[in-house]
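Notes to accompany the following structure.
The values are calculated or read from the model by the stated rules, or taken from the named source; none is laboratory data. Not measured: the values here are computed from a predicted model. FYI the Cβ positions are ideal-geometry reconstructions off the backbone, even for glycines, and counts take in every protein chain you see.
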Amino acid sequence: MGEDPHIDSIADESVILVRPSTLQGVLKLPPSKSHAMRWLTLASMDNSPTKIGMWEIGEDVQALIDCLEKMGIEWDGKVMKGGELKDPNAILDCKNSGTAMRFLIAQCATCSFPLVLDGDSSLRARSSLQLVNSLDIEYTKEDPNQEYPLRLNGPFNAEKVEIDLSKTSQFHSALLLMAPRTEGFELVTYGDAVSRNHSALTWELCKLTGATIPGKPWIVSCPDVEIPADASMMAFAKLAGLEVENEPQESDLIGHYLDKNEIRDSNDLISPMAAWLALGDGGRITGASHAAYKESNRITKTVELLSKFDIKSTAEIDGITIPGGQIPKVPEGVVETHDDHRLQMTAILLASISGGKIRSSNLHNVAWPSFLEQLIACGLQVEIQP
């Protein structure tokens, strides 16, 4: 490796001072991370150019693109040309993106040269060893107290891979996407699957590029694509009380239904959903036990965040119970967001009612770079404090 395998991870300690605001206007949702990262991974295996349309690119998607480029995949901002992965002679920095990390672990496992993957402080706490162990390749954790940096020594040559689906769908998707770079393998799944629509999306896109059987390699042929709007971000528009100009089609929702409190297939909704239930009629969010394994433990950290606004809620093993009819109050001190963009975005919108200081002014860039800019255009009064 040509670099020190430890990437400095500097937390965003800036603060957003949000004043009570009246929001009016229309939001434009960002492109779907889920669709974009799957199409980019597939396009990286297509020797022909693939146009991938995205009106803005968040940091998670950019992290995947940067890593693929380091391994010789071509990208000009609109078109990707894939091919064989090359030794980057550098660390692959996934930053805050668990999806990028899991997809790249599977891709890198097929290489005959060692690779080191790393991420920020939040990602370093999120284990991928279940996926790595399922691949039956040699690996080394550079720091025994953190999950990354992680050194992989392929190549993968297992005939059978078994994976548990009960905590995340990302491992399953990563395995589905790696098959074109392998000789083929039997893929066996077990456990009570979560985020099932994300696994289904992965396989549907694989089939659109030529796949027939999970684990069986195929010659990838990608169509040109326009990435649809991110359905999970509709939750923030609802919390803000704003309309959107690019509402997702039913076929692009990936299980993100705003009228259902059972979120086994959409745990990304838990923080904004808990907030709007508190402001409205209340309710019980269920099916979200796997939310504990995201950028933060989104069950306990959502309850903690709500309490800062004097909003009562109770953490349950699989979700949150929230009484309705509550009004947020100005938090004492700075509301911490734990390197989790969905907590930060929820906190900003609650503070638009009560006022408040929110940690990390840039976290939303992970998924929705123009989020704060659009809210300001809709009347949000903010001041960034370094």
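Looking at the stretch 128-146, can you tell me whether even one residue there is part of a loop (DSSP other than H, G, I, E, B) and free of Cβ contacts under 8 Å to residues at least 12 places away in the same chain?
Yes, that holds for at least one residue.
Cβ-Cβ under 7 Å, sequence separation 6+ or interchain: first residue in the stretch 336-355 and in the same structural domain as L269 (by TED's automatic domain parsing) and surrounded by 24 or more Cβ atoms within 10 Å (Cβ to Cβ), partner polar (S, T, N, Q) and outside any helix (DSSP H, G or I). Which pairs?
T337/S360; D340/S296; L343/S296; L343/T337; Q344/T337; Q344/S360; A347/T337; S352/S21
Among (1) crowded, with 21+ Cβ neighbours inside 10 Å; (2) part of a helix (DSSP H, G or I), there is one condition S361 misses while meeting the rest; what is its number?
(2)
Give the residue that is nearest to K33 (Cα to Cα), with candidates limited to residues of the stretch 345-384 that are in contact with an Asp or Glu (Cβ under 8 Å, 6 or more places away or on another chain) and among the aliphatic types (A, V, I, L, M).
The residue in question is A367.
Do we find that A278 is touching a residue at least 40 places away in the same chain (Cβ under 8 Å), crowded, with 16+ Cβ neighbours inside 10 Å and among the hydrophobic types (A, V, I, L, M, F, W, C) in this structure? Break it down stepwise before answering.
Working: touching a residue at least 40 places away in the same chain (Cβ under 8 Å): yes; crowded, with 16+ Cβ neighbours inside 10 Å: yes; among the hydrophobic types (A, V, I, L, M, F, W, C): yes.
Judged against the criteria, A278 is a match.
Given D87, D66, which one is part of a loop (DSSP other than H, G, I, E, B), assigned by TED's automatic domain parsing to the domain that holds S173 and out of contact with any helix residue (DSSP H, G or I) (no Cβ under 8 Å at 6 or more places or on another chain)? Spell out the reasoning first.
Numbers: D66 fails: part of a loop (DSSP other than H, G, I, E, B).
So the residue among D87, D66 that is part of a loop (DSSP other than H, G, I, E, B), assigned by TED's automatic domain parsing to the domain that holds S173 and out of contact with any helix residue (DSSP H, G or I) (no Cβ under 8 Å at 6 or more places or on another chain) is D87.
Please list, ordered by first then second residue, the pairs with beta carbon atoms under 6 Å, 6 or more apart or interchain, first in the stretch 37-55 and in a loop (DSSP other than H, G, I, E, B), second basic (K, R).
Pairs that qualify, where the first residue is in a loop (DSSP other than H, G, I, E, B) and the partner is basic (K, R), are P49/K81.
A235 fails exactly one of the following numbered conditions: (1) surrounded by fewer than 19 Cβ atoms within 10 Å (Cβ to Cβ); (2) under 30 Å from S352 (Cβ atoms). What is the number of that condition?
With respect to (1) surrounded by fewer than 19 Cβ atoms within 10 Å (Cβ to Cβ); (2) under 30 Å from S352 (Cβ atoms), A235 is out only on (1).
Counting only residues that are under 21 Å from L29 (Cα atoms) and modelled with pLDDT of 95 or more, give me the helices (runs of 4 or more DSSP H) lying completely in the stretch 202-317 with at least 2 of them. Spell out how you get there, then give the answer.
Working: elements: 234-240, 270-279, 298-308.
Because the criterion is at least 2 residues that are under 21 Å from L29 (Cα atoms) and modelled with pLDDT of 95 or more, the helices (runs of 4 or more DSSP H) in the stretch 202-317 that meet it are 234-240, 270-279.
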